[in-house]
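The values are calculated or read from the model by the stated rules, or taken from the named source; none is laboratory data. Keep in mind that what you see is a predicted model, and the values were worked out from it rather than measured. Cβ: placed from backbone, ideal geometry, glycine included. Neighbour counts: every protein chain shown.
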Amino acid sequence: MKLLTNAVRLRPLLLLRRQRSHDTKTARALDPPRQPVPTSAQLDELERNVKLRHHKNNIPLIRSLANEAANGSPDILKRLQLELEQLPNETHPRVLDYGEEPRELAQYKHRELPADTTIKEFSEIARALNLYRMDHLGNYTGHKSYYLMGQLATLEQAIIQYALQAVTSHGFKLISVPDILPREVIESCGMRTEGERTQVYKLDTGECLSGTSEMALAGFFANKLLTEEQLPLKVTAVSRCYRAETSGLQEEKGIYRVHQFNKVEMFAICTAEQSEAELEEFKDTEVDLFRRLGLNFRLLDMPPCELGAPAYQKYDIEAWMPGRKMWGEISSCSNCTDYQAKRLGIRYRRSSDGQVVDAHTINGTATAIPRLLIALLESYQRGDAVEIPTVLRPFMDGQELITRNKRIPETKLVKFIKA
Amino acid sequence: MLSLRILGISFTKSCTRNISALYITGDKANENYVTLQPYLDFEGTFGGRELLEQSIASRGLNINLETVLNKYQKYQAHHEQLRKVAEDREAVTKKLKELSKAGGNDDQLEQLKERGKSLRNDLKNLKQALYPIEDDFIHDYLHLPNRLHELCPTEGEEKLLYRHQVPSSTPDTLSHLANKELIHFVDNNRYYMMEQAAHFDVNAMQSLARYFVTKGDFIQTANPDFVRCVLLEANATPMDDYHMVREEHLQNKINTAYLTGGAAFESYLGAMTKLCVYPSVLPLRYVCCGRSYNRAEAELNGPSPSLYTATQSNAVQSFVATQTASDADSQLEQILNLAVDFYKAIDVPFRVVYVAAKNLTPSENLRAVLEVYAPSLKRYVCVGRVSNYGDFVSKRILFSTRREKHYDFLHLVGGPVLYTSRLIAALLEHNIKLEDCKLLGSASQEPTMQQSVQQFKDLFK
């Protein structure tokens with residue numbers, strides 16, 4: 001439960017942030033230019049939150065702008081407003097004393113793994129089965145690009161079907177979403193599209209590639225006025241995710257961190273009263289998905305410094321990847337409270353008094369393919385083959401094993417052929 | 001920055017390439033990494049001059065073959081000269097070695113050394129002189145089209161191959177965009193589909209791919225979404241078909257990435273580049289589910305923006321490699337048969353046509369298009385297409401098989417067999433309920449192996 005004390009303490013500050021007029025098409029530009037200047041005590045509170053979350057500390061700048069704002073200059077007020085917008089969401093009081101480490105809430109062990117000596121890593125298994133290629137592709141299909149072949153490609157589609165069946169049975173409505181989005185929609189979700197280390201790909205037209213369908217879904221609901229009866233409104237999407245980020249870390253080699261992948265995402269819009277319970281439902285859905293897949297995994301409650309800007313609280317699920325001998329994040333879910341909704345203008349009319357109020361948003365991963373493939377293949381390896389989890393077999397014509405495919409050519413490359 | 005020549009080519013669909021990543025001459029190789037050296041089959045290309053001329057004329061290309069041949073002669077003459085000087089130089093080097101060993105006199109040695117130096121300079125100068133000649137000729141050469149397939153209509157319009165149902169001549173039909181419950185269309189890059197349209201979007205794609213796997217013995221794959229310029233050039237894909245991706249740290253500035261989607265023919269080429277396979281894997285039959293982002297192709301269904309003109313679509317892509325041309329013909333037929341089965345089961349008015357030569361890209365020798373009737377547009381729109389590329393593209397990407405000591409370049413056939421967005425639009429306009437459509441290949445259409453075994457066991461209870 002969100003502590004009342006916390007909400008009461010931060011309410012004046014939230015009011016400040018609410019009065020922004022975003023420079024995007026999708027965000028609201030309705031608030032009148034009447035910014036109350038934050039008091040020193042309020043700024044102290046905000047700074048504590050910023051530091052706790054290891055967020056860029058712009059409070060000293062806000063302080064000096066707040067002092068200057070006393071003369072009422074519109075330019076200063078605008079700058080102050082922009083800086084206030086950069087601040088992160090509040091933090092759930094439960095995690096305030098977590099320090100920098102996540103708290104493990106549960107471990108789920110569903111599978112006895114083979115002896116350490118015989119265990120192989122994903123790329124080793126997939127290459128031996130001739131079902132995967134990632135080498136010598138940079139000049140043709142780009143850095144860290146990959147092909148899945150045969151049963152591995154079928155397994156990907158089976159996972160998507162399995163996840164869709166599960167989440168739609170939990171009341172999520174499927175939506176087909178666009179992958180090419182205007183810059184403004186992506187920025188409204190709290191992602192930077194400019195700068196050296198941006199994770200967002202841009203096209204020649206200036207538009208961007210979506211990093212997760214949460215962005216397209218948020219854009220879909222932007223500026224929508226819903227009724228309270230419509231909430232919680234739960235949707236799901238299968239989308240291609242594009243991320244410009246890269247990694248040279250040994251533990252993130254292969255398809256662990258790639259630029260393109262498929263994902264089934266869950267997204268919900270709800271009332272402030274519903275959001276905490278809704279997040280628990282997201283978490284339970286995810287736990288159930290991976291439990292039925294028979295993976296060994298753990299549930300983590302993330303500390304303030306791992307929340308990013310929009311999340312109020314966040315759970316991560318890490319699967320044990322025996323080939324890599326490490327826990328790898330395969331899923332997460334976050335409660336963004338009204339942080340995204342305010343920026344996007346997602347509101348609803350309250351039944352009790354007819355007032356229009358900001359909604360809360362929740363997002364979570366049902367399945368992100370590459371890491372799930374790693375966890376599945378490494379956990380289900382059986383000699384020269386890989387067992388297919390029982391729940392996925394109906395989507396794979398009842399097949400039980402993934403075996404070497406001799407019809408797929410091995411990667412034998414020539415340098416050039418003389419005419 | 002490198003001063004690369006501007007190449008203007010006039011395809012039927014206007015297409016201008018400013019630079020070439022596919023062929024980089026030696027003088028520019030220091031600044032630009034050569035990623036691929038295409039196999040240049042001059043004899044094969046110019047051998048059947050009449051056929052090539054006919055292909056150029058039927059496609060309506062603005063290429064003067066006589067000019068290209070003149071450039072070829074000049075290129076050959078220079079190459080011959082270069083070869084002779086290199087030979088002379090080698091002979092001098094050899095003689096010099098022999099004389100030094102035999103203790104020849106100093107004058108003779110000095111004379112040979114001078115001759116060697118002069119030949120070395122000649123060679124260097126000739127190479128420098130050859131670069132612009134090579135550049136000029138090879139780029140023109142790479143723009144020459146494939147020969148046409150005998151089935152390709154060379155005159156007039158398309159040729160009808162198959163038709164299912166004749167579209168009824170109904171009065172004006174409302175566009176699918178009127179169905180706000182199912183479709184929310186923003187612009188050509190952005191649309192949303194809800195409820196049964198969203199389910200059909202995923203199910204139709206997965207079902208058809210599965211039908212190709214189970215009925216056609218295809219191997220399923222999942223492909224990357226970006227394809228670099230070098231492969232688009234190899235496939236003679238017009239560059240404005242796809243969006244270019246701006247990359248922050250691009251190492252090779254002329255080999256930029258394009259957003260094709262995994263279910264694009266070009267996406268398969270990445271895995272086939274420089275690949276040499278055993279004949280035992282042929283014919284190699286692949287199919288994949290994925291996105292397609294071909295913006296130029298979609299625009300043909302305009303001018304009004306709709307799902308027919310949207311850039312993004314879920315798609316099923318086929319790709320087959322064969323050893324011979326006749327195998328390629330039968331594989332194209334097989335792909336079409338599988339696709340026809342699928343559309344027949346949905347029971348929507350559709351047809352299959354061979355498009356006229358003027359509408360082909362330079363690498364295609366034949367293209368069959370699957371078209372459904374779009375009532376709001378009162379015409380057929382493409383929901384899939386299968387092309388025959390012969391060995392034209394394989395030679396450029398070095399995709400081959402070994403036969404004794406030779407390399408045989410593989411014949412390629414393939415293309416998207418389903419664009420879900422356009423099919424959904426047409427189905428809505430035909431008032432066909434998406435949830436009632438029979439999707440061949442769908443898991444629910446036939447019992448799984450386990451269910452079949454159970455049914456078999458039940459017989460003996």
Q: Could you check the range B:288-376 for strands (runs of 3 or more DSSP E) lying wholly inside it with 3 or more residues that are among the basic types (Lys, Arg) and on the phi > 0 side of the Ramachandran plot?
A: none
Q. Residues A:GLU194, A:GLU187: which one is of a type in the set (Asp, Glu) and either within 9 Å of chain B (Cβ to nearest Cβ) or in a loop (DSSP other than H, G, I, E, B) (or both)?
A. A:GLU194
Q) Any idea which of A:THR337, A:THR367 is surrounded by 24 or more Cβ atoms within 10 Å (Cβ to Cβ) and on the phi > 0 side of the Ramachandran plot? A) A:THR337
Q) Do you know which residues across the range A:160-174 are out of contact with any Leu (no Cβ under 6 Å at 6 or more places or on another chain) and among the aliphatic types (A, V, I, L, M)? A) A:ILE160, A:ALA163, A:LEU164, A:VAL167, A:LEU174
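Output the strands (runs of 3 or more DSSP E) that fall wholly within the range B:150-243 and possess 2 or more residues being more than 8 Å from every other protein chain (Cβ to nearest Cβ) and on the phi < 0 side of the Ramachandran plot, or say none. Spell out how you get there, then give the answer.
Values: elements: B:159-164, B:183-187, B:190-194, B:219-222, B:226-228.
The strands (runs of 3 or more DSSP E) meeting that bar are B:159-164, B:183-187.
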Q.
Which of the numbered conditions does A:LEU377 fail, given that it passes all the others? Conditions: (1) within 13 Å of chain B (Cβ to nearest Cβ); (2) part of a helix (DSSP H, G or I); (3) within 30 Å of B:SER280 (Cα to Cα).
A. (1)
Q. With (1) in contact (Cβ under 8 Å) with a residue 24 or more places away in the chain; (2) on the phi > 0 side of the Ramachandran plot; (3) surrounded by fewer than 22 Cβ atoms within 10 Å (Cβ to Cβ) as the list, and A:ARG324 as the residue in question, which single condition is left unmet?
A. (2)
Q) A:HIS55 versus (1) assigned to a helix (DSSP H, G or I); (2) at pLDDT 80 or above; (3) touching a Leu at 6+ places or on another chain (Cβ under 9 Å): which is the lone unmet condition? A) (1)
Q) Are any of the residues in the range B:294-305 surrounded by fewer than 18 Cβ atoms within 10 Å (Cβ to Cβ), over 27 Å from B:LEU148 (Cβ atoms), touching a residue at least 12 places away in the same chain (Cβ under 8 Å) and among the hydroxyl-bearing types (Ser, Thr, Tyr)? A) yes
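Is one or more of the residues making up the range B:297-317 within 19 Å of B:LYS215 (Cα to Cα), more than 9 Å from chain A (Cβ to nearest Cβ) and out of contact with any Lys or Arg (no Cβ under 8 Å at 6 or more places or on another chain)? Talk me through it step by step, then tell me what you get.
As a first pass, look at the range B:297-317 and keep what is within 19 Å of B:LYS215 (Cα to Cα): B:315-317.
So of that shortlist, the ones also more than 9 Å from chain A (Cβ to nearest Cβ) come out as B:315-317.
After this cut, where a residue has to be out of contact with any Lys or Arg (no Cβ under 8 Å at 6 or more places or on another chain) as well, the list is B:316-317.
Yes, the range B:297-317 contains a residue that is within 19 Å of B:LYS215 (Cα to Cα), more than 9 Å from chain A (Cβ to nearest Cβ) and out of contact with any Lys or Arg (no Cβ under 8 Å at 6 or more places or on another chain).
For the range A:380-419, which positions are within 14 Å of chain B (Cβ to nearest Cβ), of a type in the set (Ser, Thr, Tyr) and part of a loop (DSSP other than H, G, I, E, B)? So that I can check it myself, show each step before the final result.
We begin by selecting, within the range A:380-419, every residue within 14 Å of chain B (Cβ to nearest Cβ); these are A:388, A:390-419.
Now restrict to residues that are of a type in the set (Ser, Thr, Tyr): A:390, A:403, A:411.
Those that are within 14 Å of chain B (Cβ to nearest Cβ), of a type in the set (Ser, Thr, Tyr) and part of a loop (DSSP other than H, G, I, E, B): A:THR403, A:THR411.
Any idea which of B:ALA263, B:ALA271 is more than 9 Å from chain A (Cβ to nearest Cβ) and touching a residue at least 40 places away in the same chain (Cβ under 8 Å)?
None of the others qualify; the one that does is B:ALA263.
Across the range A:159-184, which residue is surrounded by the fewest Cβ atoms within 10 Å (Cβ to Cβ) among those that are in a loop (DSSP other than H, G, I, E, B) and at the interface with chain B (Cβ under 9 Å from one of its Cβ atoms)?
A:PRO182
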Q.
When you scan the range A:353-374, do you find a residue that is over 30 Å from A:PRO102 (Cβ atoms), within 29 Å of the chain's Cα centre (by Cα) and part of a strand (DSSP E or B), even just one?
A. yes
Q: Among the residues of the range A:209-250, write down those that are under 17 Å from the mean Cα position of the chain (by Cα) and either part of a strand (DSSP E or B) or free of Cβ contacts under 8 Å to residues at least 24 places away in the same chain (or both).
A: A:LEU209, A:LYS234, A:VAL235, A:THR236, A:ALA237, A:VAL238, A:SER239, A:ARG240, A:CYS241, A:TYR242
**Q.** Single match in B:LYS127, B:LYS95 (criterion: at pLDDT below 90, in a helix (DSSP H, G or I) and within 29 Å of B:ALA21 (Cα to Cα))
**A.** B:LYS127
Q | Which numbered condition A:GLU112 fails, given (1) in a loop (DSSP other than H, G, I, E, B); (2) without any contact (Cβ under 8 Å) to a residue 12 or more places away in the chain; (3) crowded, with 18+ Cβ neighbours inside 10 Å | A | (3)
Q) Do you know which residues across the range A:58-91 are surrounded by fewer than 16 Cβ atoms within 10 Å (Cβ to Cβ) and in contact with an Asp or Glu (Cβ under 7 Å, 6 or more places away or on another chain)? A) A:LEU61
